[in-house]
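Shown next, in structure tokens, is the structure this report addresses.
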Amino acid sequence: MANNSYSGVKNSMVEANHDGEFGCTLKDLRSLMELRGAEAISKIGESYEDTQGLCNRLKTSPIDGLSGQPADIEKRKTVFGENLIPPKKPKTFLQLVWEALQDVTLIILEVAAIVSLGLSFYKPPDAERENCGRAAGGVEDENESEAGWIEGAAILLSVVCVVLVTAFNDWSKEKQFRGLQSRIEQEQKFTVVRGGQVIQIPVAEIVVGDVAQVKYGDLLPADGVLIQGNDLKIDESSLTGESDHVKKTQEKDPMLLSGTHVMEGSGKMLVTAVGVNSQTGIIFTLLGSAEDDEEDEEEKKKEKEEKKKQRKNKKQDASVENRKKAKAQDGAAMEMQPLNSDEGADAEEKKKSNLPKKEKSVLQGKLTKLAVQIGKAGLVMSAITVIILVVLFVVDTFWIQGLSWVKECTPIYIQFFVKFFIIGVTVLVVAVPEGLPLAVTISLAYSVKKMMKDNNLVRHLDACETMGNATAICSDKTGTLTMNRMTVVQAFVAEKHYKKVPEPENIPSSILDILILGIAVNCAYTTKIMPPEKEGGLPRQVGNKTECALLGFSNDLKRDYQAIRTEIPEEKLYKVYTFNSVRKSMSTVLKMADGSYRMFSKGASEILLKKCSKILTANGESKVFRPRDRDDMVKKVIEPMASEGLRTICLAYRDFPASEGEPDWNSENDILTGLTCLSVVGIEDPVRLEVPDAIKKCQRAGITVRMVTGDNINTARAIATKCGILLPGDDFICLEGKEFNRRIRNEKGEIEQERIDKIWPKLRVLARSSPTDKHTLVKGIIDSTVLEQRQVVAVTGDGTNDGPALKKADVGFAMGIAGTDVAKEASDIILTDDNFSSIVKAVMWGRNVYDSISKFLQFQLTVNVVAVIVAFTGACITQDSPLKAVQMLWVNLIMDTFASLALATEPPTEALLLRKPYGRNKPLISRTMMKNILGQGVYQLIIIFTLLFAGEKLFDIDSGRNTPLHAPPSEHYTIVFNTFVLMQLFNEINARKIHGERNVFEGIFNNLIFCSIVFGTFIIQIVIVQFGGKPFSCVSLTIDQWLWCTFLGFGSLLWGQVISTVPTSRLKFLKTAGHGTQKEEIPDYELEELDDMDEIDHAERELRRGQILWFRGLNRIQTQIRVVNAFRSSISLYEGLEKPESRSSIHNFMTHPEFRIEDSEPHIPLIDDTDAEDDAPTKRNSASPRNTTPTPPSPTPATAAPTAPVSPSPNQNNNAVESSNHLLPEGPKSGTPSAPGSPLHSLETSL
């Protein structure tokens, strides 16, 4: 709490000056916002009389809002603060350098180099030098022996280079993501009233005293008091953990809190607290996201290390760990684990529920595994190299020459051992592919940046790569496939069906008056038609597009809806039933002058017509409307409209005479019956021009597009045919939500996976579907095992109710324009132009990421194999590595850092869309790549060994083999080194193609980074060889030696052509590598050890079996993955809020409305879900008990265990969700019940 009192003090000094100007202080408002319900109302009554009084004190008007003058806004910002929560400080460059230095291999090299430096200054007396054996003698030249320090210094220098490059990469990545972050924040706008005008301003511009309009789907950006509301229901689970929606009214509970979601209704609120003074801000301050950030990072690191060491003494440490975790969760997500998180049953539960939570992105799983395997091999090789060198030296000196160990010679011998050790470490450095994570990050970061230009705003990095594997897209119709510019084109009014909008004269004026009045008051007042921005353009539609169509209809009938709204402002509406996915209609009640009530309704025609018992005739009278007439109307009016792809909306009204008294407004069923039908209109939403083409591309790329819509089935079918989702003559099926539900449920009403499996492969259109149906379909496809590959599903959504489906999908796309905040929070990628063709771009980029990494792997592995073998055999045969430590480090730099930059930034081409998606278990290294790697490796080894053992004869120079300790560099070895590097350079061009294409130069100039890196490396290589001298163990070469080296390098391009002639199909013996991890590979006992790890890290598991210490040598890989994770956590809308699956945090504060539909199936990251059967039941019942209200976990019946007990959930949300899936709040993520009481209470316990 220290921070709070501190900010209180700070602000009270400011308050003193401004007290006279506003009738209440920051402190008053802040204490007001801490109250709820009745207390809050009595407090407002005591202090301000009513909300009007509060408005007067804050100098604002509930109707016109603030004046909007800059001076006034500025003053409010100084007195009450800005609506910003200060972001975390980015890591400084020095911190990043320090992190890069933590790499174990580098540390070992530094130590070795320092020892070598120290020893080089030791000079034994000359006389004894001769007695120390052959290898030590032979240094006649004084200057030479003095230059012994150079090698050590050069190693240190190259370590510095590597560290700086790594740090710079991390830094630029972090910078990019900060930019992305701020871009996401700027995208967020909110509607406020200023100077009587309704305008949209960025969330950060909201000030205390603003009057904001809140509507269905909003994420509230500040705290406030409700001034006027219609049927407003709020999901406050992000603050309280209670999943029931809270009804907000002026009389009972007017307090609206930031970070909560509007689930229904609309209204206006007076903003009373912003930024750090709002409820969310207070929590952020408590968590210290603004202050204790540096130690936060340190803590995170320490915690990781400690976790590894402290498997044994974990018990007493658990509480510390938890406290640290709570801090480490980026300040936003709270950890509320009880401190003894390892006690018996708790731990069992936790293990079960923790496992499937975090699914590593497919690619990262494969890469980590591959990197560990390569690293292990390198480790073994380097150890053998050192051992062989030492043994050879000892045998040669003490046995063959028969010398005894003399005290004076010790330093010289030690110098040899240090040299051998350095060679060993260098082999290891070259073998460990620390460039891998770098390549992934660069590739992803580059793609994300470029995807912005293609209207994809990526919120979670790995979504980009998952998209490349997508096999199915479930798309909304409205706004994604269509333009979302609705217009009324047909109408049935006064018993006549008009094929185009009728002239006002043709409609009886009594009917017209009621119709226009109904349209004006029964559309949300936030919806309006504005004059066009450009002369001669189309009028701008603001708000709900269907309502815009109706308002446009009223304009076409030459009537002004705005005049009616001015006469009947929103405050005068007696009661509003807002639209939601269950009602599928909206109604508004007006109180007439004579005390009677009139209710206007609009909604989906087939639903509303069932509620109509009368219809208006041509002379303006009403006549009885029977079910028979209704069927008639459906056939003659509604179906013809729908088959043309129109959306049909019915407009109706009902009078409640004054004599009957006031009806009971809460019994909706009695109110919404006996309506009188005014009109049925057909609304057209034209298909976007680019969509049919985009869908063709998807189908060619092996991706199935399905349309899931709330519209009528005929409309849906017509649009699907226009888009090309349904082609004439196909046997695909279109279902309505009801029919779909009937087919997938058994007699008991439970969903059965087998039944879904019968339907989904053929299903192309799901019409009149509820959000629950959408979620069921997505889950059914993901969990299905019918096809040999697990389906990877992308889903688009815009409404609040699409949240569960967006979260369940592998990649959720939210609409940037039409989407609600809730949908955006739940999504992975935001489509800034709402356009389906942008999804195709995302697929292209995703596949490109995969290919870029494969290209890099192909290059990297060739270098690895060759360098390790050369160093190893060279050392064994000549007792000295042909490639010196510094040279190896240079090669390492080229192939790791530069190559990852060059190959990871290849731009995508249309050709990527011509192949089928890779599955989850497609290996990273295909047979073709294996063929290229081995083929090139063989070529390079032959050349190098020829040069090494016959080079002196070919070039007629001195042999460089068997030189004494501090001998000057030889031309011979320089040629070997130079040829080696040039072969890598030319092979980098080969690596651009991985599917065995012939033309490796195709499109090379589209990638400037690639050209400049290859060219730059070549220049540096010339400098190193010609002027590198002693530090690089090089001698300058003559022109014809250079030409030979270049020619031999160029040979690898020619050889590449030879390799691609050999058909891969002949080479059955080639193994693929880099599969994902299979479930069976995790033995039970290890799962137990893993129960308190944040996620199962494949690398960790491999390591547990030994050499943990050495393997911290791969720690750079982890550091970089950690950087990726850090971005991932800093990229969502608020600092560190994440998809629940992507973090093992418990309550994610203020993130998505907590409507994870309890998944009965664990999301197992594993490729084949076959043995989910055995362990599913145990996992199934481990859903955690929630804060305060214990709810039995309610399993959705799922295939894996139809036997699971189905328990009724007392916790049915009150917005009548279909009973198939109980929406549970995001309970604490691991299976531990969290602390009771208010969020602040639990905060303090966890801190």
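The values are calculated or read from the model by the stated rules, or taken from the named source; none is laboratory data. Worth saying up front: this structure is predicted, and the values here are computed from it rather than measured. Every residue, glycine among them, receives a Cβ derived from its backbone with ideal geometry; neighbour counts consider all protein chains shown. The accessibility values were calculated without ligands, DNA or RNA, using every heavy atom of the protein model including side chains. Shrake-Rupley method; radii C 1.70, N 1.55, O 1.52, S 1.80 Å.
Yes/no matrix, rows are residues, columns are (1) closer than 29 Å to TRP149 by Cβ; (2) hydrophobic (A, V, I, L, M, F, W, C); (3) at pLDDT 85 or above:
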position: ALA371; (1), (2), (3): no, yes, no
position: VAL380; (1), (2), (3): no, yes, yes
position: ILE387; (1), (2), (3): yes, yes, yes
position: LEU392; (1), (2), (3): yes, yes, no
position: GLN401; (1), (2), (3): yes, no, no
position: SER404; (1), (2), (3): no, no, no
position: GLU408; (1), (2), (3): yes, no, no
position: ILE412; (1), (2), (3): yes, yes, no
position: PHE416; (1), (2), (3): yes, yes, no
Kindly list the number of the only condition in (1) under 27 Å from VAL634 (Cβ atoms); (2) without any contact (Cβ under 8 Å) to a residue 40 or more places away in the chain; (3) not aliphatic (A, V, I, L, M) that fails for THR478. (2)
Going by what's in this entry, would PHE1010 be described as part of a helix (DSSP H, G or I), over 17 Å from LYS931 (Cα atoms) and open to solvent by 70 Å² or more (accessible area, probe 1.4 Å)? no
Name the residue that is farthest from ILE683 (Cα to Cα), counting only residues in the stretch 708-729 that are in a loop (DSSP other than H, G, I, E, B) and open to solvent by 70 Å² or more (accessible area, probe 1.4 Å). GLY729
Is one or more of the residues making up the stretch 657-676 in contact with a Leu (Cβ under 6 Å, 6 or more places away or on another chain), in contact (Cβ under 8 Å) with a residue 40 or more places away in the chain and hydroxyl-bearing (Ser, Thr, Tyr)? no
Report whether or not LYS916 is within 30 Å of GLU690 (Cβ to Cβ) and either among the small types (Gly, Ala, Ser) or not in a helix (DSSP H, G or I) (or both). yes
Pair list, Cβ under 6 Å, 6 or more apart: the stretch 939-955 residue over 17 Å from TRP1042 (Cα atoms), other residue open to solvent by 30 Å² or more (accessible area, probe 1.4 Å) and not in a helix (DSSP H, G or I): none
Say we look at the stretch 952-981 and pick out the residues that are among the charged types (D, E, K, R), in a loop (DSSP other than H, G, I, E, B) and at pLDDT 75 or above; which of these is surrounded by the fewest Cβ atoms within 10 Å (Cβ to Cβ)? ASP956
THR441, sole failed condition from (1) modelled with pLDDT of 75 or more; (2) assigned to a helix (DSSP H, G or I); (3) polar (S, T, N, Q): (1)
Which members of the stretch 377-413 meet the condition of being in contact (Cβ under 8 Å) with a residue 40 or more places away in the chain, β-branched (Val, Ile, Thr) and out of contact with any Phe, Trp or Tyr (no Cβ under 9 Å at 6 or more places or on another chain)? VAL406
The one condition VAL938 fails out of (1) in a helix (DSSP H, G or I); (2) among the β-branched types (Val, Ile, Thr); (3) in contact with a helix residue (DSSP H, G or I) (Cβ under 8 Å, 6 or more places away or on another chain) is (3)
Which ones in the stretch 411-463 are of a type outside the set (A, V, I, L, M, F, W, C) and touching a Pro at 6+ places or on another chain (Cβ under 8 Å)? PRO411, LYS450
Within the stretch 571-580, count every residue that is in contact (Cβ under 8 Å) with a residue 60 or more places away in the chain, under 29 Å from SER659 (Cα atoms) and open to solvent by 40 Å² or more (accessible area, probe 1.4 Å). 2
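To keep it simple, each residue is scored yes or no on (1) open to solvent by 40 Å² or more (accessible area, probe 1.4 Å); (2) within 24 Å of TRP665 (Cα to Cα); (3) assigned to a loop (DSSP other than H, G, I, E, B); (4) of a type outside the set (Ser, Thr, Tyr).
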position	(1), (2), (3), (4)
SER554	no, no, no, no
VAL582	yes, yes, yes, yes
ARG598	yes, yes, no, yes
ALA618	yes, no, yes, yes
MET641	no, no, no, yes
Any pair with Cβ under 7 angstrom, 6 or more apart, that starts in the stretch 1042-1069 at a residue that is surrounded by 15 or more Cβ atoms within 10 Å (Cβ to Cβ) and ends at one that is assigned to a helix (DSSP H, G or I) and of a type in the set (Lys, Arg): ILE1059/LYS931; THR1064/ARG927; THR1064/LYS931
Sort through PRO692, PRO663 and tell me the only one that's within 21 Å of LYS611 (Cα to Cα) and of a type outside the set (Phe, Trp, Tyr). PRO663
Can you name every residue in the stretch 374-425 that is acidic (Asp, Glu) and open to solvent by 50 Å² or more (accessible area, probe 1.4 Å)? GLU408
Going residue by residue through the stretch 710-732, is there one that turns out to be over 24 Å from LYS584 (Cα atoms), touching a Ser or Thr at 6+ places or on another chain (Cβ under 6 Å) and small (Gly, Ala, Ser)? no
So which of LEU550, LEU517 ends up being in contact (Cβ under 8 Å) with a residue 40 or more places away in the chain, open to solvent by 10 Å² or more (accessible area, probe 1.4 Å) and part of a helix (DSSP H, G or I)? LEU517
What tally of residues in the stretch 23-55 results from selecting those that are in a helix (DSSP H, G or I), surrounded by 15 or more Cβ atoms within 10 Å (Cβ to Cβ) and not small (Gly, Ala, Ser)? 13
Checked the stretch 481-505 for anything without any contact (Cβ under 8 Å) to a residue 12 or more places away in the chain and either buried (at least 22 other Cβ atoms within 10 Å of the Cβ) or within 24 Å of VAL624 (Cα to Cα) (or both); matches are TYR498
Number of positions in the stretch 811-829 that are of a type outside the set (Gly, Ala, Ser) and within 10 Å of the chain's Cα centre (by Cα): 3
Quick check: anything in the stretch 126-140 modelled with pLDDT under 70 and touching a His at 6+ places or on another chain (Cβ under 6 Å)? yes
How many of the residues making up the stretch 178-216 are in a strand (DSSP E or B), open to solvent by less than 70 Å² (accessible area, probe 1.4 Å) and of a type in the set (D, E, K, R)? 1
Being open to solvent by 10 Å² or more (accessible area, probe 1.4 Å), of a type in the set (D, E, K, R), in contact with a helix residue (DSSP H, G or I) (Cβ under 9 Å, 6 or more places away or on another chain) and not in a strand (DSSP E or B) narrows it down to one residue among GLU242, GLU251; which is it? GLU251
